[in-house]
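Engineer: Here you go, one structure.
Please treat every number below as a calculation from the coordinates, not as lab data. The structure displayed is predicted, hence computed values, not measured ones. Here the Cβ positions follow ideal geometry from the backbone for every residue, glycine too, while neighbour counts run over all protein chains shown.
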Amino acid sequence: MRETTAEIWIGQDQSNEWIGTTGGINPTHLMLLRENSRPAWLLLPGNLYDSKPPLIGPAKVWVPTPRNPVQDALLQFSVVGVKIPEIRAVLNDFEKSRSKSRLDLADRFPEGVPNEVYLAVKRHLVGWHVVLSVGANSLANEDLDQLSEYHGLNIDIRTSRNRKST
């Protein structure tokens, strides 16, 4: 059975610009980690607060690597969500397919995504607010500790890994 085990809401970081904010988020993108026989991140437009809600078309789907699923999600957002040229250029040095709407990172990089790619994301993905909710048994729990290295992001992590279900 397919189930969503993690979700990420991403929007421009407004914590320094708006007086009176409460640390919430005005998301522009939603990512869902769907797990079954193979996990996959689905990237969707997510700004539900605009006067015209986004049209939900085909999701951009990437299969993450087993060791860095959340970093792979941030990479996916950088490449096919907001299309940051510096990050796309570094990924293109290692991944030559033209379309990046569907990508199997686990298959393409059996030893893991090259560290240079993650370094480019850490350096160039700045000014965003990320709210990550992770279920107790989600693959996304694998690399949560690595997120402290993303200094340009305002990241809120909500996890149930230390809580008992009731």
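Engineer: Ranked from highest to lowest mean number of other Cβ atoms within 10 Å per residue, what is the order of the peptides 107-120, 68-81?
Structural biologist: Values: 107-120: 14.9, 68-81: 24.6.
In decreasing order of mean packing, 107-120, 68-81 become 68-81, 107-120.
Engineer: Restricting to Cα pairs below 8 Å that are 6+ residues apart, what does the relative contact order work out to for the chain? Please round to a whole percent.
Structural biologist: 24 percent
Engineer: About its Cα centre, what dipole magnitude does the chain give when the only charges are +1 on Lys and Arg Cβ and -1 on Asp and Glu Cβ, stated in debye to the nearest 20?
Structural biologist: Values: 19 positive and 19 negative charges, 92 e Å.
Rounded to the nearest 20 debye, it is 440 debye.
Engineer: Under 28 Å between C-alpha atoms is the cut-off here; go through the chain and count lysine pairs that meet it, provided they're at least eight residues apart or on different chains.
Structural biologist: Qualifying lysine pairs in the chain: 12.
Engineer: Provide the percentage of antiparallel DSSP beta bridges, counting only those with both residues in segment 3-159; round to the nearest 5. Write out the running numbers ahead of the final one.
Structural biologist: Numbers: 23 of 33 bridges.
About 70 percent, rounded to the nearest 5.
Engineer: Ranking TRP41, TRP9 by Cβ neighbours within 10 Å, fewest first, what do you get? Before the final figure, lay out each step's value.
Structural biologist: Working: TRP41 27, TRP9 21.
Listing TRP41, TRP9 from fewest to most nearby Cβ atoms yields TRP9, TRP41.
Engineer: With the chain treated as a Gaussian network of Cα nodes joined by springs under 10 Å, which of GLY24, GLY57, GLY46 yields the largest mean-square fluctuation?
Structural biologist: Ranking GLY24, GLY57, GLY46 by mean-square fluctuation puts GLY57 first.
Engineer: Relative contact order for segment 21-104: what is it in percent, counting Cα pairs under 8 Å that are at least 6 residues apart? Before the final figure, lay out the partial values.
Structural biologist: Values: 96 pairs, mean separation 19.6, N = 84.
Reported relative contact order: 23 percent.
Engineer: From the square roots a ≥ b ≥ c of the eigenvalues of the alpha-carbon gyration tensor of segment 3-159, which class results: rounded (a/c under 1.5), prolate (a/b over b/c), or oblate?
Structural biologist: Values: a/c = 1.40, a/b = 1.34, b/c = 1.05.
In terms of gyration-tensor shape, rounded.
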